[in-house]
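Trainee: Dropping a structure here in structure tokens format, bear with me for questions.
Taken together, the values in this text are just the output of simple stated rules run on the coordinates, not laboratory data. Small disclaimer: the values here were computed from a predicted structure and weren't measured. In this analysis, Cβ positions are derived from the backbone assuming ideal geometry, glycine residues included, and neighbour counts consider all displayed protein chains.
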Amino acid sequence: MSMVKLTVNGKPLSADVEPRLHLADFLRETQNLTGTHLGCEHGVCGACTILVDGVPTRSCITFAVACEQADVVTVEGLDHDEISSELRTAFSKHHALQCGYCTPGMIVSARDVVIRMDTPSEHDIRVAMSGNLCRCTGYVGIIKAVQEVVSARRARGIAAIPDGDRKRLGPAGSGNGAAVQAGQRKQEADTITSIAGGDAAKPVKAAASPRAAAADWKPQNSFRESFSVNHPVETVWAFFGRIGEVAACLPGASLAGEPVDGHVEGQIRVKVGPISAEFQGVADVSRDDATRTGTISGSGKDKRSNSATRGLISYAVKPGDREGETRVDVGIGYTLTGVLAQFSRSGLVQDVAGRLIAAFVQNLEAQLAHQADPNSANGPSPQIVTELNAGSLVSAVITGRIRKFFGRWFARS
């Protein structure tokens, strides 16, 4: 048994739970909060959707022990919530519920749409709600109900909050729990405008372009990575200015042409098991030679899955710990919508991104070594990793997390 402390519907509580107990079962069986329904129990149907630290979450595949110090809100906790009340009225008016089994999770997800999306079209709402399945209504009434609430609130001057004031999921100590101080959460959100690096950290502005990310855009998720290469700072900084060569080092990425005034079009292919996506989009590149910092802001869309992504990468190139070594600090902020958004609701994206960066570093080292000595033992061309088996990556991530989880559990025993 493990002790877990969390807040449920505004009430602090603690309980001894089995490490394998899912949050949905914990809420239903120990707290009598049966408004959280269990459907597929595979995180697909959305009936069990609740809020964890403000984020719509599949409680049937979330371990209760992973919610240490988290703020959990079920459908019962939304009884007096203004948006939820308006949605319940609209659902009744538009006959958006029949058997009602999916409705608790549907209300939670619809509330998130109302909060985050300014003036969503019918298509936008259908995509955003695609993770919640209904076997009765055909969705027409549900879509109309959400549209009505959004329109009514915007007409009253209630603006959307682009990120929904949401916080990322995570146990206490990971920087994501409800007990983390506001200043720490703000520091993580600011990663898209400032690379943490001690006194040398300096804000970096995105390129001023109609297609660049809007000034008030905030990512749903953000994280930082750092890596080192065994080449001088001047060499690495110059290489980062050659966008075509940088793209060639990123597995699955390709450009549609040469960059023009810092603007470039291209695509990146992603394959995870049976899921294959090809994001086509645009990006704007900005560099500051004085501080050796830069940004890449862009957006793209995969037509097959109708998923879209938007992101901002900030990087700083600086001397490493050893002579002739360079360290690169990278801040990544992104938003993913559509069918593939399911991947952004966990740490899998960050884990896979870490492995993509590792492949990028390997390719970067090979490119720089070849440019420094074309006649080296590497042959006439560097050995570039052009494609990664993302299915194997995800499998490795899941295996690693299971080992880490049980390692902590047995350490406490």
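Trainee: Could you run the Karplus curve 6.51 cos²θ - 1.76 cosθ + 1.60 with θ = phi - 60° over segment 245-262 and give me ³J(HN,Hα) per residue in whole Hz, x for Gly and Pro?
Mentor: Whole-Hz 3J(HN,Hα) from phi for segment 245-262: 6, 5, 4, 5, 7, 9, x, x, 9, 8, 9, 7, x, 6, x, 10, 6, x.
Trainee: Measure off 7 Å from each Cα along the Cα-to-Cβ vector at Ser121 and Lys303, then give the distance between these two points in nanometres to one decimal.
Mentor: About 1.6 nm separates the two model spin labels.
Trainee: Using the Karplus curve 6.51 cos²θ - 1.76 cosθ + 1.60 with θ = phi - 60°, work out ³J(HN,Hα) for each residue of segment 17-25 in order, rounded to whole Hz, and write x for Gly and Pro.
Mentor: 10, 6, x, 8, 6, 7, 4, 4, 5
Trainee: Among Cys40, Ile107, Thr62, which residue has its Cα furthest toward the positive end of the charge dipole of segment 5-150, with +1 on Lys/Arg Cβ and -1 on Asp/Glu Cβ?
Mentor: About the Cα centre, the residue reaching furthest to the positive side is Cys40.
Trainee: Tell me which residues come under 5 Å, amide H to amide H, from Ala253 once H is placed; ignore anything under 5 positions away on its chain.
Mentor: Arg269
Trainee: Per-residue HN-Hα couplings for segment 298-311, Karplus 6.51 cos²θ - 1.76 cosθ + 1.60 at θ = phi - 60°, whole Hz, x for Gly and Pro?
Mentor: x, 8, x, 9, 9, 5, 5, 9, 6, 9, 9, 9, 9, x
Trainee: Counting only other residues whose beta carbon sits under 11 Å from that of Val108, what net charge do I get with K and R as +1, D and E as -1?
Mentor: 0
Trainee: Here is a follow-up. Which of the aspartates and glutamates could be linked to Lys303 by a straight reach, that is with a Cα gap under 17 Å, when you skip same-chain ones fewer than 8 residues away?
Mentor: Asp124, Glu265, Glu278
Trainee: Determine the alpha carbon to alpha carbon distance for each of Lys218/Lys318; Lys11/Lys93; Lys5/Lys301 and list only those over 29 Å.
Mentor: Over 29 Å apart, Cα to Cα: Lys11/Lys93; Lys5/Lys301.
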